[in-house]
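The block underneath contains the structure these notes are about, expressed in structure tokens.
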Ligand code: ATP
Ligand code: MG
């Protein structure tokens, strides 16, 4: 039997203040069904990152609750919560080591075959094979062996290998050439399939393909709907 997709998320009247009396979120109600992809949009300072911070428990709500699959996330350990949530940040994290180590980060038990399968699935295999030592090529944290687009694909391969139920993605704003952009779009589809996802979206293509768009404004939900509805 195919296992049911899980990872339903609810925000119940969530208020959050980094500083007392200045709420960054002012009573957010959200209901995300398992497997849905959510695009968060809104001006700078509207609360997008704060929603993601609460979901990954970098902070807890000042009032209200965040619930995953019926359970208040304050009742599970941070460690088990984080093992179910994959995070791909804007400034893609590459560390000094081989390409293989970078993909395997977070899944140290993964075999070479599994690493390669993940790279193939997001269409990163071909560019990796063109590097001087393929998967054994050493990259530097701040080195420029890899383009922004390639870094993004590597981070997708890493997330895919980790296979979290819930995926959080803070989309890069960096301009990427059209060909890589298309590759990233395709890779994103593969990565999101079967997971619940929250994307701080900057690309129109990502916003278009989301199941639900949430427009934030000064810590409140201003509008929700699909791209067609909005
Ligand atoms: P951006 O598009 O610039 O990333 P955002 O929508 O992610 O913006 P948030 O980072 O969630 O916005 O910020 C929401 C509000 O909370 C803003 O008023 C911001 O100044 C404030 N804020 C964010 N982080 C902190 C912090 N660590 N300490 C104090 N205030 C913060
Ligand atoms: Mg932000």
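Quick note: the coordinates plus some simple rules give every number you see, no bench work behind them. None of the values given here were measured: they were computed from a predicted structure. Here the Cβ positions follow ideal geometry from the backbone for every residue, glycine too, while neighbour counts run over all protein chains shown.
How high is the relative contact order of the chain? Use alpha-carbon pairs under 8 Å, at least six apart in sequence, and give a whole percent.
Values: 431 pairs, mean separation 68.5, N = 230.
Dividing the mean separation by the residue count of the chain yields 30 percent.
Run the numbers for residue 163 and residue 133: contour at 0.36 nm per residue of separation, minus the present Cα-Cα distance, in nm.
Separation in residues times 0.36 nm, less the Cα-Cα distance, equals 8.1 nm.
Which value in deg cm²/dmol, rounded to the nearest 500, describes the helix-derived mean residue ellipticity at 222 nm for the chain, given -39,500 (n - 2.57) per DSSP H run of n ≥ 4 and division by the residue count? Walk me through the numbers before you get to the answer.
Numbers: 8 runs with 72 residues, N = 230.
Theoretical 222 nm ellipticity from helices: -9000 deg cm²/dmol.
Give me the angle, in degrees from 0 to 90, between the Cα long axis of helix 178-192 and the longest principal axis of the Cα atoms of the chain, rounded to the nearest 10.
The angle comes out at about 60 degrees.
Could you give the angle, 0 to 90 degrees to the nearest 10, between helix 112-121's Cα long axis and the longest principal axis of the Cα atoms of the chain?
Rounded to the nearest ten degrees, it is 70.
Can you sort 156, 93 so the residue with the fewest Cβ neighbours within 10 Å comes first? Write out the running numbers ahead of the final one.
Numbers: 156 28, 93 14.
Fewest-to-most ranking of 156, 93: 93, 156.
Please state the relative contact order of segment 174-230 as a whole percent: Cα pairs under 8 Å, 6+ residues apart?
21
Taking every pair of Cα atoms in segment 78-125, average 1/r, invert it to obtain the Kirkwood radius, and report Rg/Rh to two decimals. If you can, show how the numbers build up before the last one.
Values: Rg = 11.9 Å, Rh = 12.1 Å.
Rg divided by Rh gives 0.98.
Which residue fluctuates most in the GNM of the chain (Cα springs below 10 Å): 34, 164, 23?
23
In whole angstrom, how long is each semi-axis of the equivalent ellipsoid of segment 75-201, when you take the square root of 5 times every eigenvalue of its Cα gyration tensor and sort them from largest down?
Values: eigenvalues 97, 62, 37 Å².
Value: 22, 18, 14 Å, ordered largest first.
Can you tell me the relative contact order of segment 1-135? Whole percent, Cα pairs under 8 Å, sequence separation 6 or more. Before the final figure, lay out each step's value.
Values: 138 pairs, mean separation 27.4, N = 135.
Reported as a whole number, the value is 20 percent.
For the chain, what size does the Cα cloud have along each of its three principal axes, sorted from largest down, in whole Å?
54, 40, 36
Percent of alpha carbon pairs in segment 50-111 separated by more than 16 Å? The partial results should precede the final answer.
On the way: 1058 of 1891 pairs.
That fraction is 56 percent.
Taking the number of other C-beta atoms within 10 Å as the exposure measure, put 184, 51 in order starting with the fewest.
Values: 184 24, 51 27.
Least crowded to most crowded, the residues run 184, 51.
Rounded to the nearest 5, what % of DSSP beta bridges with both residues in the chain are antiparallel?
Numbers: 22 of 40 bridges.
Just about 55 percent of them are antiparallel.
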